[in-house]
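Undergrad: What follows is a single structure, and I will ask about it in a moment.
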Amino acid sequence: MIDIVKSTDQSQYDDFQLVEVVFLNGNTRFLVNSLLPTFWTIVQAPNARIHTDPDRKRIVIPNPYLNQSGNMFSLFHEIGHGIVDDTKNEMEIEEEIFLRDKYSQLGPNSLSAMEKNRFRMLVVDSEKEAWKWALKTITNCRDRGLDLEPSLTKNDLKKLANQKLASYLR
Ligand SMILES: [Zn+2]
């Protein structure tokens with residue numbers, strides 16, 4: 001069972017609400033937020049799409065979201081981005097945001113040869129790293145008796161990650 005604890009002290013200026021994601025299983029209580037790098041938060045908004053916002057160091061999730069199989073794995077992927085992004089400098093983060101926006105709004109062919117190279121280095125590599133981190137961490141939790149994706153086998157998770165990655169590797 002997953003419990004979403006909303007922050008009561010809401011000083012946000014937008015619709016995003018600070019949340020704590022708690023996984024409950026018998027006597028086990030696991031705070032998913034504890035995996036986040038320092039200063040990072042998870043926020044929730046009704047019509048959001050799941051994504052990482054490296055500028056504000058936050059992960060945005062829709063509401064509802066975590067009641068569907070595979071979505072906890074996706075949240076772990078976004079936390080993986082947070083961890084990967086924490087090793088990048090500001091210029092790299094800005095460049096990555098620019099390339100991601102251009103790619104998603106105008107398509108892969110809008111990138112110059114040089115931009116394509118940078119896209120592979122900054123975007124595709126961080127996608128790979130973030131999925132790798134998500135798979136490793138979900139598996140580690142599972143090995144310790146904490147199964148955050150009970151209806152998916154390790155192979156299912158690998159397949160999911162590869163499907164998502166394939167969309168970047170045209
Ligand atoms: Zn990603």
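Undergrad: Pick from segment 117-148 the residues that are of a type in the set (A, V, I, L, M), in contact (Cβ under 8 Å) with a residue 12 or more places away in the chain and more than 21 Å from Q163 (Cβ to Cβ): which of them is farthest from the ligand (Cβ to nearest atom)?
TA: Going through the qualifying residues, I end up with L146.
Undergrad: Additional query: With respect to F76, determine if the residue is within 15 Å of the ligand (Cβ to nearest atom), over 30 Å from S151 (Cα atoms), at pLDDT 90 or above and not aliphatic (A, V, I, L, M).
TA: So F76 does not fit the description; no.
Undergrad: Let me ask something else about it. For segment 84-104, name all the residues that are within 12 Å of the ligand (Cβ to nearest atom) and buried (at least 18 other Cβ atoms within 10 Å of the Cβ).
TA: Hits for segment 84-104 are V84, D85, E96.
The values are calculated or read from the model by the stated rules, or taken from the named source; none is laboratory data. Predicted, not measured: the structure shown is a model, and the values here were computed from it. Neighbour counts are summed over all protein chains in view; Cβ atoms, including those assigned to glycine, are modelled from backbone coordinates with ideal geometry.
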